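Below: the structure, in structure tokens.
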Amino acid sequence: MSRYWLVTLFQKLALIAMALGITPIALAQDAGAAPEVERIVNRANMVSYFQGRDGRARVAMTITDSQGRTRSRELTILRRDGPETDAVEGGAYLGEQKYYVYFRRPADVSQMTLLVWKHQDRDDDRWLYLPALDLVKRIAASDKRTSFVGSDFFYEDISGRSIDADSHELIETTDNYYVVRNKPKRPGEVEFAYYDVYIHKQSFLPVRTEYIDDSDNLYRRYTALAVEKVQGYPTVVKARMENLRNGGTTELTYSGIDYDLSLPEDVFSERYLRRAPREYLQ
Amino acid sequence: MSEKTESSWLQFATDRPRLTVWTMVVVTLMLVGLAALPSLWPERFGLLNPLTIDTDPENMLSGDEPVRVFHDDMKEQFSLYDMVVVGVVNESDPDGVFNVGSLRRLYELTEYASTLRWPDPDNPGRQEGVVEEDMLALSRVDNIEQEGVGSVRFSWLMPEPPDTRNQALAILERAQRIPLFDNTLVSADGKAVALYLPLTSKDMSYRVREALLDKVAGWEDTSDQVYITGLPVAEDTFGVQMFYQMAISAPLAMLVIFLAMWWFFRHVRLITSAMIVAMVAAASTMALLVISGSTVHIMSSMIPVFIMPIAVLDAVHILSEFFDRYPHHRERRRAIREVMGILFKPMLFTTLTTMAGFASLALTPIPPVQVFGIFIAIGVFLAWLCTVTFIPAYIMLMPERRLTGFGHAVGDPDGNTVMGRWLHRLGEGVVGHARAVLVVTMVVVVAASYGISQIRINDNPVKWFEPEHPIRVADRVLNEHFGGTYMAYLALVPEGGDVILADYRQTFLDRLASHQKDVQAQEDATVAVFEELRAMAREVSGDTDSAKAFLDELDQRVGVQLDAASDTRYDAWLEAQSFVDGERQRSETFKSPEVLRYIARLQQRLGETGVVGKSNSVADVVKTVHRELLGGDAEAFRIPDRPAAVAQTLLTYQNGHRPQDLWHFVTPDYQNASIWVQLTSGDNRDMSRVVEALNDFIATNPPPASLQARWFGLNYINVVWQEKMVSGMAMALFGSFVVVLLLMALLFRSLLWGLLCMIPLTVTIGAIYGLIGIVGKNYDMPVAVLSALSLGLAVDYAIHFLARTRATQAETGSWRRSVAPMFGEPARAITRNAIVLGVGFLPLLAAPLVPYQTVGVFIAAILLTAGLSTLLILPALITLLQRWLFPGARRAVPNSQKQEEGVQ
């Protein structure tokens, strides 16, 4: 469930203050029952990808294959949201977004940079800078379900899947979770038949996502492994994606997480691909 | 075996016939039961071994052979699977397969194939069948191409079936631009596309193939042809055809033998006894094979067909002799005892030599051949045991009146039958023209030596099928269209183990010093941090012993410093980390442009052999992605100049749908690489040519890094087992020759007689193999295997002939006077035997697999020739050597036997 659990670095628990204001109302409205599914989904998407004006994290990526062979990468990711507010009512869960990814390690890919402009109504824009070839290349990305730098995560897992791409159904409410089933509106474009997301009731953090294929087999699973409060908000600091078909796993560990850094907009432009903004990368 | 034992056995069998028969029946049923029960109800008889079929040609070598261990290791390291190859060919559409209709069907077939998975009965929760992720198909692979200026697009090559002719043709054009797909996935003429279906295990291929055939059954009114091949399919088909062979050829052999015996003896009841012996021996042997846990392989499936004719051999001798003697006595007990008295020893020795011939196969390093040899040896022994006990008992149980009319009428059997007259004349002729016979023999020997020198060693498991078999047809068609469906892999692996720290430490410090010079001009923090790194490197190097461990520890310590670094020193520590990282990456051989260019040249050389239609490697991936990143011009189709550029190119590639594809060509540590080599022929000698071409190339172009090139893949395994088989067979042939010779010397208590005994079959085998060399038939697995065993089998005639010669000579007192009796009953027995046995193997011609047919023709030819050469060469030699063979020959006192023969 790409969108939710994206979780990863940028999610801060919605401004909890705001959430506190809203939740009791929602509960009151539904007379103690679960809130309607669209609300849950919107909320989870906001918590996963859109909290705060901007954010930064260092990511240690460990890719392990079925034979236990590992590859490590270290990146720094910067993010800046289009919407000025985090309020779900203001549509904060589906705004425009920009990501800047800077590779640190291994040495031979260090200083590679990747810029993503995420759009809601059209294909994302992507640019890649390859320092060893001194080349900036625009990458056409009509399909977001491709590997994120060779890992088991997809681009869509990192930046979020459009809410409108799926229909949503609340299939279960447990003590701790809302379980939402998502079915693609255009099944031909994706490899899953549907996916179930386990959304934590209090934080609206998706903690597990299970992808099921056309033969009704679970083949891919996301799990949030550790959540910490960063600047007061619960944040996923360790996450895992498993490819159950080939036995591959990728773990992401986040450190140096910061929110609301007031990153200037022009950092997320082609100009900065060749010249990394060191001051913001720490 | 003393004469006493011999007669006490016989006594028992003739005195207690019922008990003898019952013992045999009970023991046989017990054995068959022990084998059948666990095969039919495996869950209830878990402790016993069920019948297991093994069709895997890899098992021609034992599992711990280095080449197989390496093969398995590499298959795992590069995540390679056995594959079913599906070819869709359209010869009639002007656009070939690249028309809207064909591509739509192909798309659907691909989608369907991707679902061919079933729950794995052995691993609950897991599935077996097609490995969807690694399928290679137009709709399952990534395309990379230019999209406007400065932009590159990664997308599915055929995300959905095309709607228009132009879209269809565009797919062909795109696929052919990508070297990995051209000639592998699409043919150069656009008439064919391939679909590669990796399997979780080979034994799923039959199921997958059946499902695919069902799916395409509805395509009959289209112009698309579908071909399904790939080694796993061939193997599964072997399995089915092996059963067919056992179900058809073995009973057919029984029938043919029965008819041949009936022709000679015309007494159903008596020849039934021989058939019973054959069945008991064959059934018990197969039962023992199953009980022992051995698998039924293409070789061992022939065991019944081998045992049955050999089993009736001794029975034929007994019946033949009984046939001739019974009319004299008209009393079965006396007749059978007399027959057994004459035949016991030759039968024992012929059994021992046959056993030795087969058992010598245990000297080959090929497990299925060993099992085949050992179990036939056991079967031959069982057949002998039954023959000397059961047949006399059986005859005793027959009412005397039933034997009325059996045998030659007292009179002149020689003159009464065609064979008798013909043999009689033959004997006279040979003895009269002994020198001429030997001259002709010498000519044959010389021609044979020439032929043997021309023998071409070659095999190809796909050619085990008949030419019109669907697998052969698919093989032919697909290899015409593509770069080859036979896959061999060349692994490039580091030579030697870890670098020793003692050597590496100084290198590291030197490079660090040079780097420090470069950073002199930079901020103080950087200079200071690198000094700290130098100190750290000295410290660490004391605690570890390999370069890798050293760098790991250094990296870890730098990491600690980095985390604790102040803002002013953070960047400096980052740089230090990068330096250490760079050192670690020096082991990543296959990011080196020099090494990649070497691979490209090596591939080019392999392509020049004429057998390699295509090869794929990490160098092709790098070149293709590099070209597209740089704007798509052909000029950019090259390896970039720096390792970092290679690394960044590959990281870009891994942003696609199939990042795992890279790991089929290189391991994630970039220390091992594999080159996929597609051959258009599965002939072992073609593979050998490629191997030689590579050796030449490496000898003149040593690799830039310390690398060794090692082949793997089934095509290469085939070459290895073939080499082992050739040398192993020489060993087996030699072994069985020596054993048989020793047995003969022992039997005749004379080395000269022993040698004499070896001559006809040596000439026979030489002549047959010489013929193979002259007509240019491949020396393949069945031909090789037969050399050793036929020696043990063909010597039988010489034993019988010489043993009888000695007995007869003792009676007649001279060789000249023994000729007529020798070309009486003994020659008839040999002739009957050669015919029954030779004809008995011919039903293998009805078998659907070529190796069975080869065995059938071949062994029949050996037996008939051996029979003939025994009757020609031995009397000729004896004639010339009689002075040494019968020293002090005296005139024998005429006895009753002599008189009878005189009457004849």
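The values are calculated or read from the model by the stated rules, or taken from the named source; none is laboratory data. A quick note: this is a predicted structure, and the numbers were derived from the prediction, not measured. Heads up, the Cβs are rebuilt from the backbone with ideal geometry, glycines too, and the neighbour counts pull from every protein chain shown.
The table below lists the values:
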item	result
Failed condition for residue B:790, given (1) more than 30 Å from residue B:365 (Cα to Cα); (2) of a type in the set (S, T, N, Q); (3) at pLDDT below 85; (4) out of contact with any Leu (no Cβ under 7 Å at 6 or more places or on another chain)	(1)
Selection within the stretch A:121-163 - within 11 Å of chain B (Cβ to nearest Cβ), in a helix (DSSP H, G or I) and surrounded by fewer than 23 Cβ atoms within 10 Å (Cβ to Cβ)	A:131, A:132, A:133
Search result, residues across the stretch B:266-301 that are in a loop (DSSP other than H, G, I, E, B), small (Gly, Ala, Ser) and farther than 17 Å from residue B:48 by Cβ	none
Answer residue from the stretch B:150-170, given it is within 9 Å of another protein chain (Cβ to nearest Cβ) and outside any strand (DSSP E or B) and is farthest from the chain's Cα centre (by Cα) among those	B:150
Enumerated strands (runs of 3 or more DSSP E) restricted to the stretch A:189-282, each holding at least 2 residues that are under 19 Å from the mean Cα position of the chain (by Cα) and closer than 26 Å to residue A:72 by Cα	A:206-212, A:218-230, A:233-243, A:248-259
Every pair of residues 6+ apart whose Cβ atoms lie under 8 Å, when the first sits in the stretch B:172-191 and is more than 23 Å from residue B:633 (Cβ to Cβ) and at pLDDT below 95 while the second is buried (at least 20 other Cβ atoms within 10 Å of the Cβ) and charged (D, E, K, R)	B:184/B:614
Count of the stretch B:621-677 residues which are of a type outside the set (Gly, Ala, Ser), in contact (Cβ under 8 Å) with a residue 12 or more places away in the chain and in a loop (DSSP other than H, G, I, E, B)	15
Residue, surrounded by the most Cβ atoms within 10 Å (Cβ to Cβ), within the stretch B:699-719, restricted to residues that are farther than 14 Å from residue B:489 by Cβ and touching a residue at least 60 places away in the same chain (Cβ under 8 Å)	B:707
Test result for residue B:586, among the basic types (Lys, Arg), within 23 Å of residue B:518 (Cα to Cα) and more than 39 Å from the chain's Cα centre (by Cα)	yes
Residues satisfying the stated conditions in the stretch B:347-387, i.e. closer than 25 Å to residue B:269 by Cβ and surrounded by fewer than 23 Cβ atoms within 10 Å (Cβ to Cβ)	B:385
Residue within the stretch B:122-145 that is within 11 Å of chain A (Cβ to nearest Cβ) and over 39 Å from the mean Cα position of the chain (by Cα) present	yes
Single residue of A:183, A:201 found to be away from chain B (no Cβ under 14 Å) and touching a Ser or Thr at 6+ places or on another chain (Cβ under 7 Å)	A:183
Flag if residue B:785 is in contact (Cβ under 8 Å) with a residue 24 or more places away in the chain, touching a Ser or Thr at 6+ places or on another chain (Cβ under 6 Å) and more than 30 Å from residue B:609 (Cα to Cα)	no
Yes/no for residue B:610 being away from every other protein chain (no Cβ under 14 Å) and at positive phi	yes
Filter result for residue A:117 (touching a residue at least 40 places away in the same chain (Cβ under 8 Å), more than 8 Å from chain B (Cβ to nearest Cβ), within 18 Å of residue B:145 (Cβ to Cβ) and part of a strand (DSSP E or B))	no
The listed residue being in a helix (DSSP H, G or I) and among the charged types (D, E, K, R), out of B:145, B:133	B:133
Which numbered condition residue B:102 fails, given (1) in contact (Cβ under 8 Å) with a residue 24 or more places away in the chain; (2) among the hydroxyl-bearing types (Ser, Thr, Tyr); (3) farther than 19 Å from residue A:192 by Cβ; (4) surrounded by fewer than 21 Cβ atoms within 10 Å (Cβ to Cβ)	(4)
Residues of the stretch B:692-712 classified as within 25 Å of residue B:461 (Cβ to Cβ) and touching a helix residue (DSSP H, G or I) at 6+ places or on another chain (Cβ under 7 Å), total	6
Candidate set: the stretch B:596-620, residues that are surrounded by 21 or more Cβ atoms within 10 Å (Cβ to Cβ) and part of a loop (DSSP other than H, G, I, E, B); chosen: the one modelled with the highest pLDDT	B:617
Counted residues, the stretch B:488-508 - those being surrounded by fewer than 20 Cβ atoms within 10 Å (Cβ to Cβ), of a type outside the set (Val, Ile, Thr) and modelled with pLDDT of 85 or more	1
Search result, residues across the stretch B:291-302 that are crowded, with 24+ Cβ neighbours inside 10 Å and aliphatic (A, V, I, L, M)	B:298, B:299, B:302
Conditions (1) touching an Asp or Glu at 6+ places or on another chain (Cβ under 6 Å); (2) within 14 Å of another protein chain (Cβ to nearest Cβ): number failed by residue A:247	(1)
Residue ranges of helices (runs of 4 or more DSSP H) in the stretch B:745-830 with at least 2 members among the aliphatic types (A, V, I, L, M) and under 38 Å from the mean Cα position of the chain (by Cα)	B:751-775, B:781-812
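A quick yes/no check of all residues on (1) part of a loop (DSSP other than H, G, I, E, B); (2) more than 35 Å from the chain's Cα centre (by Cα):
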position	(1), (2)
B:424	no, yes
B:428	no, yes
B:435	no, yes
B:440	no, yes
B:468	yes, no
B:476	no, no
